[in-house]
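Participant: Would you mind keeping the following structure in view while I ask a few things?
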Amino acid sequence: MNIVLMMLRAPRPSRQNDMRAVAKPRWIRKGYDGLTFFGHIITHTDEEAEAFNSRFGSFKNHEMIHLYQARDCHNSWLLFYLRYGWYWLLANRYRRRLRNAGYRLNPFEMEAYANMYDLHYLDDKPQGATGWRRYARMPLSERMKHI
């Protein structure tokens, strides 16, 4: 599916209860299992996509937390990605001290990693996951202690 079509056809986060995984090997860097992109989970291979689609495990839970975070960002994928990019840019100044600092110190990723093994984390959050806000209020030096 075309990138622009994926973006334009993406329903609002609140209208999605699940995200379908699709294989797009050139879209995702090595070392990452999945990527949330406008209501889809992007994986390296068809086998990985099928694994995401057939069972609900910790990695799928991680990506689903991003769906609920987008709900908390005024129910908008665009606002979610704008904030994600902003936090990535702010944290990227720590890249000499921490590899992938923009990713690992991003409040959205910190909440998703902290709760990915709790498969019931999203059960009581229909309006969105808000744990990322606590991390966003922390200075970057404090976030370093939480990874």
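Participant: Using DSSP to define loop residues, name the chymotrypsin sites (Phe, Trp or Tyr not before Pro) in segment 78-147 whose beta-carbon has at most 15 other beta-carbon atoms within 10 Å.
Facilitator: Here the chymotrypsin sites (Phe, Trp or Tyr not before Pro) that fit, given the DSSP loop and packing criteria, are Y117.
Participant: Output ³J(HN,Hα) for segment 96-111: one whole-Hz value per residue in order, computed from phi by the Karplus curve 6.51 cos²θ - 1.76 cosθ + 1.60 with θ = phi - 60°, and x for Gly and Pro.
Facilitator: Result, rounded to whole Hz: 6, 8, 9, 5, 6, 4, x, 7, 6, 9, 6, x, 5, 6, 5, 5.
Participant: Hey, rough spin-label estimate for I3 and D33, points 7 angstrom out along Cα→Cβ, what's it come to in nanometres?
Facilitator: 2.6 nm
Participant: How large is ³J(HN,Hα) for each residue in segment 34-46, as worked out from phi by the Karplus curve 6.51 cos²θ - 1.76 cosθ + 1.60 (θ = phi - 60°), to whole Hz, x for Gly and Pro?
Facilitator: Each residue of segment 34-46 in turn: x, 9, 7, 9, 6, x, 10, 9, 9, 10, 6, 10, 5 Hz.
Participant: Counting only C-alpha contacts under 8 Å and six or more residues apart, can you give the relative contact order of the chain as a whole percent? Write down the numbers at each step before the final one.
Facilitator: Details: 191 pairs, mean separation 30.5, N = 147.
In percent, rounded to a whole number, it is 21.
Participant: Then there's this: Can you pull out the trypsin sites (Lys or Arg not before Pro) in segment 62-147 that DSSP calls coil and that have at most 14 other Cβ atoms within 10 Å? Numbers along the way, then the final one.
Facilitator: Values: sites: R71, R83, R93, R95, R96, R97, R99, R104, R133, R134, R137, R143, K145; in loops: R95, R96, R97, R99, K145.
Taking segment 62-147 and a limit of 14 other Cβ atoms within 10 Å, the loop trypsin sites (Lys or Arg not before Pro) found are R95, R96, R97, R99, K145.
Participant: Sticking with this one: Treating cross-link reach as a plain straight distance, find the aspartates and glutamates whose alpha-carbon is under 13 Å from the alpha-carbon of K60, omitting any fewer than eight places away in the same chain.
Facilitator: Within reach: D18, D33, E48, E50, D118.
Participant: Here is a follow-up. Give me the angle, in degrees from 0 to 90, between the Cα long axis of helix 77-91 and the longest principal axis of the Cα atoms of the chain, rounded to the nearest 10.
Facilitator: Result, in degrees: 30.
Participant: List the residues, sorted by chain then number, that are 5 or more residues from T43 or on another chain and whose placed amide H is less than 5 Å from its amide H.
Facilitator: Under 5 Å from the amide H of T43 lie the amide H atoms of V22, A23, K24, each far enough along the sequence or on another chain.
Participant: Can you tell me the accessible area per residue over the chain, all protein chains present, probe 1.4 angstrom, in square angstrom?
Facilitator: On the way: 8840 Å² over 147 residues.
So the chain comes to 60 Å² accessible per residue, rounded to a whole number.
Participant: To the nearest 20 debye, what is the magnitude of the charge dipole of the chain about its Cα centre, counting +1 on the Cβ of each Lys and Arg and -1 on the Cβ of each Asp and Glu? Intermediate values should be presented prior to the final figure.
Facilitator: Values: 24 positive and 14 negative charges, 173 e Å.
With Lys and Arg at +1 and Asp and Glu at -1, about 820 debye.
Participant: Roughly what angle does helix 58-72 make with the longest principal axis of the chain, taking Cα atoms, 0 to 90 degrees, to the nearest 10?
Facilitator: For 58-72 against the chain, the angle is about 80 degrees.
Participant: Roughly speaking, what % of Cα-Cα pairs in the chain are separated by over 19 Å, rounded to a whole number? Working shown, then result.
Facilitator: Details: 5597 of 10731 pairs.
Summing the P(r) tail past 19 Å for the chain gives 52 percent.
Participant: Taking every Cα atom in segment 53-139, find the radius of gyration and the maximum pairwise distance Dmax, and write them in Å.
Facilitator: For segment 53-139, the Cα radius of gyration and maximum Cα-Cα distance read 13.1, 39 Å.
Participant: Give me the percent of the accessible area of segment 82-128 that comes from carbon and sulfur atoms, probe 1.4 Å, all protein chains in place. Walk me through the intermediate numbers first.
Facilitator: Numbers: 1620 of 3150 Å².
So the carbon and sulfur contribution to the accessible surface is 52 percent.
The values are calculated or read from the model by the stated rules, or taken from the named source; none is laboratory data. Nothing here was measured: the structure is a model prediction, and the numbers come from that model. Here Cβ is always computed from backbone atoms with ideal geometry, including for glycine, and neighbour counts include all displayed protein chains. Note: accessible area is taken over every heavy atom of the protein model, side chains too, but ligands, DNA and RNA are not part of it. Shrake-Rupley method; radii C 1.70, N 1.55, O 1.52, S 1.80 Å.
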